[in-house]
Amino acid sequence: MSHDPGWGNGFLQFIRRCSLAFLAARSASNRRSGHWFGLGRLCTRLYFAAMALHPLVIAPSILACDFGRIHEEVRRAEEAGADWHHLDVMDGHFVDNISFGPALVACVQSVATIPVDVHLMISRPDHYLARFTSLARNITVHVESEHDVCSTLRAIRAAGCTCGLSLRPGTPFSAMEPFLEEIDLLLVMTVEPGFGGQAFIDSMLPRIEEAAAIRTERRLAYRIQVDGGINEATAAKSVAAGADTLVAGTSLFRAEDMRAATAAMRAVCDVG
């Protein structure tokens, strides 16, 4: 049985729809006054309260599964207690690896019963975005990619998905700050993106803490996701720093018992 991360709950879905409707209307009108601004203040407050109800999310990374048994692996992750499926799309340009494209995401989505979370590690997410919006619940892009970040984030929302923004370990966090009010999820890469099985970079913990502190100070509602080298020990450290969404590949899919590994990760984080 999977744990409900909040997006499936009727009340949260309603708040999410209201928030997205306001953002679309605000973008179209380009105004901060009158009817849309008043509605926006209400939706923002309700959504912030709703996000506080979200328990920990564990998202097994499909990159670490057995591609020869993809449907079985999707079901195995869900039976093990996964909240989301995380899919890393790599183009061989933005990162030095090629993973998969829309066809495999569609294969996963066709049997998934929990949200599909797509991370576009590609140079031109704006160009390829439309190929993923019908397949994903959330789409995350990189601040370093070659695109107009705000336009891409708004296009993701306009397509009915939530939007995330990520940065490499070597990119200053200040590059994210202009966009924090536009996002639903902030992905802190805790390894250099491109390959699975890498060791967790402990120096990213202060970055997680900074993301959490800014979220509180500005009364924002984005989730804080971590990806790279996540196991029981690093998951606990990440959650203590402020993360609430864990992407784990090797430590879950390659575990002797995926259900036990997922439960153990949830237990050490002492959340949800």
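The values are calculated or read from the model by the stated rules, or taken from the named source; none is laboratory data. Please read all numbers here as calculations on a predicted model, not as lab measurements. Ideal geometry is used to build each Cβ from the backbone, glycine not excepted, and the neighbour counts take in all protein chains shown.
All but one of (1) in contact (Cβ under 8 Å) with a residue 24 or more places away in the chain; (2) in contact with a Ser or Thr (Cβ under 6 Å, 6 or more places away or on another chain) hold for MET176, so report the exception by its number.
Result: MET176 fails condition (2) only.
Quick one: which helices (runs of 4 or more DSSP H) sit completely within region 93-163 and have at least 3 residues that are among the hydroxyl-bearing types (Ser, Thr, Tyr)?
Here the list is empty.
Give region 63-87 a look and list any residue that's in contact (Cβ under 8 Å) with a residue 60 or more places away in the chain and not in a loop (DSSP other than H, G, I, E, B), or say none.
Across region 63-87, the qualifying residues are LEU63, ALA64, GLU73, ARG76, ALA77, GLU78, GLU79, HIS86.
Please find, among VAL191, VAL226, VAL247, the residue that is at pLDDT below 95 and hydrophobic (A, V, I, L, M, F, W, C).
From the options VAL191, VAL226, VAL247, the qualifying one is VAL191.
Does ARG207 fit the bill of being more than 23 Å from ILE98 (Cα to Cα) and in contact with a Leu (Cβ under 7 Å, 6 or more places away or on another chain)?
no
Only one residue in VAL116, VAL111, VAL141 is crowded, with 18+ Cβ neighbours inside 10 Å and out of contact with any Ser or Thr (no Cβ under 9 Å at 6 or more places or on another chain), so which one is that?
VAL116 is the lone residue from the list that is crowded, with 18+ Cβ neighbours inside 10 Å and out of contact with any Ser or Thr (no Cβ under 9 Å at 6 or more places or on another chain).
Can you go through ALA199, ALA263, ALA221, ALA213 and tell me which one is in contact with a Gly (Cβ under 9 Å, 6 or more places away or on another chain), at pLDDT below 95 and over 19 Å from MET90 (Cα atoms)?
On inspection, the qualifying residue turns out to be ALA199.
Looking at PHE100, PHE94, PHE132, which one is touching a Ser or Thr at 6+ places or on another chain (Cβ under 7 Å) and either modelled with pLDDT under 95 or buried (at least 16 other Cβ atoms within 10 Å of the Cβ) (or both)?
PHE94
Output the residues belonging to region 223-234 that are free of Cβ contacts under 8 Å to residues at least 60 places away in the same chain and either surrounded by fewer than 17 Cβ atoms within 10 Å (Cβ to Cβ) or not in a helix (DSSP H, G or I) (or both).
Passing the criteria: ILE224, VAL226, GLY228, GLY229, ILE230, ASN231, GLU232, ALA233.
Yes/no per residue for (1) touching a residue at least 24 places away in the same chain (Cβ under 8 Å); (2) part of a loop (DSSP other than H, G, I, E, B); (3) under 29 Å from MET265 (Cα atoms); (4) among the charged types (D, E, K, R):
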position	(1), (2), (3), (4)
SER166	yes, no, yes, no
GLY194	yes, yes, yes, no
ARG207	yes, no, yes, yes
LEU220	yes, yes, yes, no
ALA236	yes, no, yes, no
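Restricted to region 203-217, and to residues that are of a type outside the set (A, V, I, L, M, F, W, C) and touching a helix residue (DSSP H, G or I) at 6+ places or on another chain (Cβ under 7 Å), which residue is farthest from PRO172 (Cα to Cα)?
GLU209
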